[in-house]
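The values are calculated or read from the model by the stated rules, or taken from the named source; none is laboratory data. The structure presented is a predicted model; accordingly, all values stated were derived computationally and were not measured. Note: ideal-geometry Cβ built from the backbone for every residue, glycine included; neighbour counts use all protein chains shown. Calculation scope for accessible area: heavy atoms of the full protein, side chains included, ligands and nucleic acids excluded. Shrake-Rupley method; radii C 1.70, N 1.55, O 1.52, S 1.80 Å.
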Amino acid sequence: MIKFIIRRILEAIPVLFVIVTLTFFMVKATPGGPFDSERKLPEETKRELEAFYGLDKPVIEQYFIYLKHVCQGDLGWSQNYHGRRVGEIIMSRFPYSLELGIYAMGIALTVGLGLGILASFRPNSGSDYFCMSVAMIGICLPTFVLGPLLLLVFSLHYGYFNSVGWESFSDKVLPSLTLGFYYAAYIARLTRGSMLEVRNQDYIRTAIAKGLSPVRVYFVHALRNAAQPIVAYLGPAMAGLISGSFVVETIFNIPGLGRFFTLAAINRDGPLVCGTVIFYALLIIIFNFVVDVISIWLNPKLRAE
C-alpha cells in the first residue's frame, strides 16, 4: 500500500504540471485584461497596476515566476478583488460548494441506489421501466434546464422553497436536488446493471438455496460486490459535484467557489482562474485516490495485485 501511495503521488506531479501550464497560457491567450473596463483607467495607474502584478514582463517570464510561487504554495493576489489573496478567497468560498456537493451526493446516492435496486428486483417489468425512465429523464435534463424548472414550479408558483440564497433549509433544497438528481440517474443505471450481473453468480444462488432471506441476500451478499463499479464512479462524481456546480451556484445565487470562478473568468482575473483550476485538480486527484483505496478494500483480487 505504501508503494501504491508513493506511485500515485509521483503520477500526480506531471499531471498537475500540465494543468498549471495549460491553464496559465490559456488565460494569457484570452482577449482582454483584468483592468479593461467601461471606465478607462489613466495610463499611469494602469502601468502601476501591471507592474504590481507582474504583467509588464514577458509571458514566459511571468510563467516561470508563477510556477515558482505555485511550488511554494502561493497562488498569488487576485486582480479583481484587490488586497485579497487567491488562497484566501478559495478557502472562504469553498465550504459553500463543499456543503452543496455533500447534500447533492446524499440525494444522488439515496435516489440512485433506491431506483437501481428496485429496478433489478424484477427486470423488464413495469417497476423496472418506471425506474429507468426516471433515470433517463435525469440524464436528459441538464442542470441549467432542471434548475429553472424547479424554481418555476416549487418556488415561484407554489412558494414551497426560497429561490436564492444559502442560509436556511429552504434555500438549500432546490440547488441540492438540481445537482444531485443528474448524478442519481447515472448511479441508478450502474446499480441496476451491476445488481443484475451479480444476482446470476453461483454464490448468490447458493445463498438462496441455503434459505437466507432475500434482504440478506441482496443487501449483504449481492450489494457488496455490485457496489464496486458504483464506488469507482463516486470519485469522479464527487469531484464533478463540487467542481461542476458553477451553473447551479449562479442560478440560485449561492456564494460558492463555482460562482466566483465564473466571475473571475468574466473579469479576466487570471490568478483566481488558475488558482481555482489547480485547487479543483487537486480535489479530483484526492477523490480518485480515495476511491481506488476503497475499491482495493472491497475487492480482494485488487488487494493481491
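Working carefully through the options Ala119, Ala135, Ala108, find the one that is open to solvent by less than 60 Å² (accessible area, probe 1.4 Å), aliphatic (A, V, I, L, M) and in contact with an Asp or Glu (Cβ under 7 Å, 6 or more places away or on another chain).
Ala119
Restricting attention to segment 164-218, and to residues there that are part of a helix (DSSP H, G or I) and among the basic types (Lys, Arg), which single residue is nearest to the chain's Cα centre (by Cα)?
Across segment 164-218, the extreme among qualifying residues is Lys172.
For residues in segment 172-208 being of a type outside the set (Gly, Ala, Ser) and open to solvent by less than 10 Å² (accessible area, probe 1.4 Å), which is modelled with the lowest pLDDT? Before the answer, list the steps.
Within segment 172-208, the first condition is being of a type outside the set (Gly, Ala, Ser), and the residues that meet it are 172-175, 177-179, 181-183, 186-187, 189-192, 195-206, 208.
Okay, now just the ones that are also open to solvent by less than 10 Å² (accessible area, probe 1.4 Å), so 174-175, 178-179, 187, 191, 195, 204.
On the way: Leu174: 89, Pro175: 90, Thr178: 88, Leu179: 87, Ile187: 88, Thr191: 86, Met195: 82, Ile204: 77.
Among those residues, the one meeting the criterion is Ile204.
Scan segment 103-135 for residues that are more than 29 Å from the chain's Cα centre (by Cα), among the polar types (S, T, N, Q) and not in a loop (DSSP other than H, G, I, E, B) and jot them down.
Matches in segment 103-135: Ser127 only.
Filter segment 153-171 for residues that are touching a Leu at 6+ places or on another chain (Cβ under 7 Å) and hydrophobic (A, V, I, L, M, F, W, C); which is surrounded by the most Cβ atoms within 10 Å (Cβ to Cβ)? Even if it seems obvious, please write down each step before you answer.
Of the residues in segment 153-171, the ones touching a Leu at 6+ places or on another chain (Cβ under 7 Å) are 154-155, 161, 163.
Subset that is hydrophobic (A, V, I, L, M, F, W, C): 154, 161.
Values: Phe154: 16, Phe161: 18.
Out of the qualifying residues, it is Phe161.
Only one of Ser92, Ser37, Ser78 is open to solvent by 40 Å² or more (accessible area, probe 1.4 Å) and either touching a Pro at 6+ places or on another chain (Cβ under 8 Å) or at pLDDT below 80 (or both). Can you tell me which?
Ser37
Looking only at segment 247-280, count how many residues are among the β-branched types (Val, Ile, Thr) and in a loop (DSSP other than H, G, I, E, B).
So the count comes out to 1.
Tell me, yes or no, whether segment 216-234 has at least one residue that is open to solvent by 20 Å² or more (accessible area, probe 1.4 Å) and charged (D, E, K, R).
So far as segment 216-234 goes, yes, one or more of its residues are open to solvent by 20 Å² or more (accessible area, probe 1.4 Å) and charged (D, E, K, R).
Just name the residue that is nearest to Leu177 (Cα to Cα) out of those in segment 259-270 that are surrounded by fewer than 24 Cβ atoms within 10 Å (Cβ to Cβ) and touching a helix residue (DSSP H, G or I) at 6+ places or on another chain (Cβ under 6 Å).
Of everything passing the filter in segment 259-270, Arg259 is nearest to Leu177 (Cα to Cα).
When you look at Glu48, is it assigned to a helix (DSSP H, G or I), within 19 Å of Pro271 (Cβ to Cβ), at pLDDT below 85 and open to solvent by 70 Å² or more (accessible area, probe 1.4 Å), yes or no?
It is true that Glu48 is assigned to a helix (DSSP H, G or I), within 19 Å of Pro271 (Cβ to Cβ), at pLDDT below 85 and open to solvent by 70 Å² or more (accessible area, probe 1.4 Å).
Quick one: count up the residues across segment 134-177 that are free of Cβ contacts under 8 Å to residues at least 40 places away in the same chain, touching a helix residue (DSSP H, G or I) at 6+ places or on another chain (Cβ under 7 Å) and not aliphatic (A, V, I, L, M).
5
State yes or no: is Leu55 touching a residue at least 40 places away in the same chain (Cβ under 8 Å) and touching a Leu at 6+ places or on another chain (Cβ under 9 Å)?
The answer is no for Leu55.
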